[in-house]
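Please read the structure below before turning to the comments.
Readers should treat all values here as calculations from the given coordinates under stated rules, not as data from a laboratory. Please read these numbers as outputs of a predicted model, since none were measured by experiment. Note that each Cβ is placed from the backbone with ideal geometry, even for glycine, and that neighbours are counted across all protein chains shown.
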Amino acid sequence: MKDRVSIDFKDGIADVRLIRADKMNALDNAMFEGILEAGDQLRSMKGLRCVVLSGEGKAFCAGLDMASFAAMKAQDDGASVVRDLPKRTHGIANRPQQCAWQWRTLPVPVIAAVHGVALGGGFQIMLGADMRYATADVRFSVMEIKWGLVPDLAGTQLMRHLAREDVVRELTYTGRIFNGEEAQRLGFVTKLVADPRAAALETAQEIASKSPDAVRAAKRILNDAVAVDATAGLMAESVEQQKLIGSPNQLEAVMSNLQKRAANYKD
């Protein structure tokens with residue numbers, strides 16, 4: 001975890017940072033493991049009152065590491081790349097989904113402080129937080145469609161409680177980039193600020209000064225109010241993604257992007 005995620009704990013507040021700044025905190029296997037390990041550590045941390053989640057360097061998280069796509073085009077005798085996404089590894093979630101879903105299920109409030117970019121998986125991880133503070137010029141995208149995929153880090157379940165259904169569909173189908181101002185209008189960003197991390201830490205201090213029993217109870221109540229059919233929704237993400245990964249059109253999506261050419265999809 002130490003080379004991907006850091007945790008500084010003081011006065012009841014865990015300052016959690018993605019620390020792969022040279023890659024804009026992109027998600028490789030080590031980053032996934034670091035985020036999951038951080039979640040486990042926070043869940044057992046005594047005296048925890050609030051969490052602030054941010055990224056070092058130029059960005060919050062640029063999404064899946066491009067190098068990870070190399071594995072998707074590697075095939076043996078024409079067989080598709082296989083990942084057991086429908087297997088539940090963390091309650092109702094699989095391993096990638098847990099990287100975003102764990103912030104929702106953590107018993108204390110989580111504030112995401114976002115700058116630079118939050119793309120694809122990075123956007124979905126941000127959505128797992130209770131609140132999201134961002135600069136006006138952050139670039140967001142539900143980028144999976146660019147690679148012939150669907151959002152599968154719990155994004156479908158998190159987005160639908162924050163924005164209108166047609167908005168979620170438009171962003172998911174197009175993968176277009178939108179900024180912090182639009183994200184706030186749509187419901188994905190709680191507050192626009194010049195320094196998201198400083199503002200998040202200030203709010204965390206205020207939360208930490210309140211009764212921890214009341215704050216945790218409030219989060220349980222609010223989670224129960226929005227968790228309708230989350231089990232089925234997370235499974236649906238995994239089943240659809242399982243079928244897409246390594247399929248001819250998905251590989252064509254990856255290669256056309258990497259080769260900077262128009263895609264040639266087959267019906």
Considering only the other residues whose Cβ falls under 14 Å of the Cβ of Y265, what net charge follows from Lys and Arg at +1 and Asp and Glu at -1? +1
The stretch 1-70: antiparallel bridges as % of DSSP beta bridges, rounded to 5, reads 45
What residues have an amide H closer than 5 Å to that of V5, excluding those fewer than 5 places away on the same chain, when H is modeled at 1.01 Å from N in the peptide plane? I19
With x for Gly and Pro, the residue-by-residue ³J(HN,Hα) of the stretch 28-34, computed from phi through the Karplus equation 6.51 cos²θ - 1.76 cosθ + 1.60 at θ = phi - 60° and given in whole Hz, is 10, 4, 5, 5, 4, 5, x
With θ taken as phi - 60° and the coefficients 6.51, -1.76 and 1.60, list the Karplus ³J(HN,Hα) couplings across the stretch 14-23 in order, rounded to whole Hz; mark glycine and proline as x. 9, 8, 9, 10, 7, 10, 9, 4, 5, 10
Mean separation of Cα pairs under 8 Å and 6+ residues apart, divided by the residue count of the chain: what relative contact order is that in percent? 20
Sum of side-chain charges, V114 neighbourhood, beta-carbon under 14 Å (Lys, Arg +1; Asp, Glu -1): 0
Could you work out how far the C-alpha centroid of the stretch 3-37 sits from that of the stretch 147-186, in angstrom? 24
Using θ = phi - 60° and the Karplus curve 6.51 cos²θ - 1.76 cosθ + 1.60, what whole-Hz ³J(HN,Hα) does each residue of the stretch 98-115 get, with Gly and Pro shown as x? 4, 4, 9, 5, 5, 6, 5, 8, 4, x, 10, x, 10, 10, 8, 10, 10, 9
DSSP beta bridges in the stretch 78-141 [antiparallel fraction, %, rounded to 5]: 10
Prolate/oblate/rounded label for the stretch 140-198 (Cα gyration tensor, a/c 1.5): prolate
With a ≥ b ≥ c taken as the square roots of the eigenvalues of the C-alpha gyration tensor of the stretch 201-267, please select rounded if a/c is under 1.5 and otherwise prolate if a/b is larger than b/c or oblate if it is not? oblate
Whether the stretch 123-165 is rounded, prolate or oblate, judged on the alpha carbon gyration tensor where a/c under 1.5 counts as rounded: oblate
Divide the volume of the convex hull of the Cα atoms of the stretch 170-233 by its number of residues and quote the answer in cubic angstrom per residue. 130
What does DSSP give for the chain in terms of the percent of beta bridges that are antiparallel, rounded to the nearest 5? 30
So, over other residues within a Cβ distance under 15 Å of Y133, counting Lys, Arg +1 and Asp, Glu -1, the net charge is -3
Could you state, as a whole-number percent, how many of the C-alpha pairs of the chain are farther apart than 30 Å? 25
Could you list the residues of the stretch 24-61 with an amide nitrogen less than 17 Å from a label point located 7 Å from the Cα of S209 in the Cα-to-C-beta direction? 49-51
